[in-house]
Each structure stands twice: as structure tokens, then as C-alpha cells.
Amino acid sequence: CYNVVFSHLLNHVCCSINSSKSCNWKVIIYVLVYNIRNSGFKETSKLLHIPTEGQIYKFKYSQNNTKYYNCYQNGCPVNIAVDLNNAIHCRQTHKNLVHNHEAQNEFIKKLSLINSIKFECANRMSLKRSSVRQVYDENCKKAKESGKMRRQLINIKSEALPKAPQNFRDIISIFENPEIRKNYTNSKYDNDLPFYRGTVIEEDFGYSIFVSPTMCNSIMDMPTGEPRHYLIDGTFSVVPISSSNSFKQLLIFHIAHNEHTFPFIYILMSNKSLNAYIHVLQYIQSNIFDMKPTTFTTDFKYGLREALSQIYPQTKLKTCWFHFTQAVRRNASKLPKFMSKLNKDNDVKKLFRKFLILPL
């Protein structure tokens, strides 16, 4: 197929030369549209490949139906002009100039490799859980400079993935797609078990809940008499960005076991009201599993602690020492005279530090 196209272009050029009054034009054959997987160029590419030279040119500007290109190699003096009325005619803008470097065949191979990986990201990743690293390692083992390429692949992958939800209704709508639900709602390690457990939308709040089935099953398999100590913390700074500002908090439940803590429930919430926390705890108890808590450790959020007291009245509530010191420091900073004394008087500093460790 390529040979047929090339022969057709060659005949066209020969006819153009015979009919031309001037022979000042240096005629070069090139194909403007390349297959993205085989040649390394897209139709909209600003790079121009001259196969007969083995050289690459980059677009500079357009003027009077003519496109001007510089050689891609920095420092090379060769420039060409392309007549847009007859896109197979090129001429050098300055006569008798030659390339001061070898043909750019290796660079052409690299572009082909890059676009091969891009093709894999855009097509294979859209419905399958393949990581950028996996595609990169499979297609680009010989590439030396990988950082920029990997960033490009991440952008391409994001275009192929489902659009980021802007509110809780979007989350419901996206996961109603059976193909997306099949590939993105189950656990990565227990593929037959769901990680996404549902979205709730009420009049004054909404939330989506995700649960690790592996950790959840491990907790349920714990001996009956073994105490279950849960830690709950919320982050407001690390939540999905949305145009409607619907996502305000990511609430995370941890289980303490063998002197380690393991996160296993993730709840994306619209607010931190008492009603929202009560609804979340009731949903977990009714639809996920009975946590059978011995103790809860939280920060000083009133809504969360009050909800825990109402749903689990027999469970002991503890507070986090880190959040205690954080709250003391935050309130101390609101007292200018005290802060001035604290910064200047070493005795006050010692007393303040002793006060911070009183809960311990």
C-alpha cells in the first residue's frame, strides 16, 4: 500500500516539474499524514518527516499559503518551505545549505515507540486495569529518558478513563455503566468482591462509601473476645476536586491490630454534620458489617463524637494526643500576650510543654 502511494506521489511530482516554468524549487517527497502506530506522527503533528533525507523538521510559522519549518536538530541551518496549494512541493529557504548532522533515524524510531505506547494507553487502558508503569515497561524497555514520557502517558490514560464525577449523582450515574462497574468497583486483590459499596443522597448531605473486603473479612474472622479498637480521622485537604464543591471530607476508618493500624473504610462526604455522621454509622452497621467496637479514637469533632455516642453508647471514646496538642497550639496562637511570653521566657516554654504531655 505504501509503495502504491509513493509511486503515485512520484508521478505527480514529475508532472509538476515538467509543467513548472522555474526549477528553483527543490522537490522532496514526503507524506503529511502518517499512521500513528507505525511512523510516529499524527495528522495534526507539527513535525514534518522527509523520508528521502531521514530528517525531521518542526513547524515555525505560516505566511501566504506557505508553511515554514526549521530542522528539528538545534543549530542546524537548514529550513524548508511547504507550498500549501501543492502539499508535495518543498524548497529550501536558503540554497546550498546542508545538514550539519547525520540522518535522524534513531529519533524517528523513538517517536514511533512513543506513539505506540500512547496508543496502548488510549485503547487498552480505557476498560482494563493496566497501569502506566505496566504499559511503559512492556513497550519502552529501551528508552533512557522516561520521566517526560510517563507524564504524557498519564495524561493520555486520564483521557481514556471515565470522566471525574462532579457530585454524588455523577458517581451513581458513572457506576451504573455495567462495563465501568465491572472493572472499577471491585477490589484489586479480591476481584469478585466489591470495593464500592454505594452512594447515599439525602436532603442536606450525601456520601459515597468504599470498603476493603479483605480487611473487612479479616475483622469479622477475629475471635469473639478479642477487642476491636478503631481509629477514625477525616481529611479536608485531600478530596476530589469538583466544580460544584460537593466533596468536603474523606472520612477514613482504621483498625488497630498487632501495634499497626490498617485503613479499610473510606467515606467521601459532603459535610460533617451530626445527621450525616449518624447516617454513615447506621449504614455501616446495617449494610456492611457489625463493627462490634471496644473503643474509638477520634479527634475533637463534635458531630462525629456525638454520633458515636448515640450509635454505640456502651463503647469507650478516646481522643488522639496529636489532635489534642494541635488544638492547644491553635488556641494558644490566638492569645498574642501569651505567645509573646512563650517565645521569650524559657520557663514558660517548659511549663507549656509539660502541659501538652499531661494526657499521657
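Here are a few things to note about the model shown:
- Scanning the stretch 262-286 for residues that are without any contact (Cβ under 8 Å) to a residue 60 or more places away in the chain, surrounded by 14 or more Cβ atoms within 10 Å (Cβ to Cβ) and not in a helix (DSSP H, G or I) gives Phe262, Phe264, Ile265, Tyr266, Lys272.
- Being at pLDDT 95 or above and of a type in the set (Gly, Ala, Ser) is a condition met by at least one residue of the stretch 274-285.
- Complete set of residues in the stretch 287-322 that are charged (D, E, K, R) and outside any helix (DSSP H, G or I): Asp290, Lys292, Asp299, Lys301, Lys316, Lys318
- Selection from the stretch 324-343 of residues that are among the hydrophobic types (A, V, I, L, M, F, W, C) and not in a helix (DSSP H, G or I): Leu335
- One residue from Leu342, Leu351 being at pLDDT 90 or above, outside the structural domain of Thr261 (by TED's automatic domain parsing) and either closer than 19 Å to Leu231 by Cβ or in contact with a Lys or Arg (Cβ under 7 Å, 6 or more places away or on another chain) (or both): Leu342
- Cβ-Cβ under 7 Å pairs, at least 6 apart or on other chains, the stretch 316-337 side without any contact (Cβ under 8 Å) to a residue 40 or more places away in the chain, far side in a helix (DSSP H, G or I) and of a type in the set (Phe, Trp, Tyr): Ala332/Phe338
- Selected residue (criterion: nearest to Ile172 (Cα to Cα)) from residues of the stretch 213-261 that are in contact (Cβ under 8 Å) with a residue 40 or more places away in the chain and among the charged types (D, E, K, R): Asp233
- Residue within the stretch 317-329 that is of a type outside the set (Gly, Ala, Ser), over 34 Å from the mean Cα position of the chain (by Cα), exposed (fewer than 13 other Cβ atoms within 10 Å of the Cβ) and more than 30 Å from Asn275 (Cβ to Cβ) present: yes
The values are calculated or read from the model by the stated rules, or taken from the named source; none is laboratory data. Just so it is clear, the structure is predicted and the values come from calculations on it, not from any experiment. Ideal geometry is used to build each Cβ from the backbone, glycine not excepted, and the neighbour counts take in all protein chains shown.
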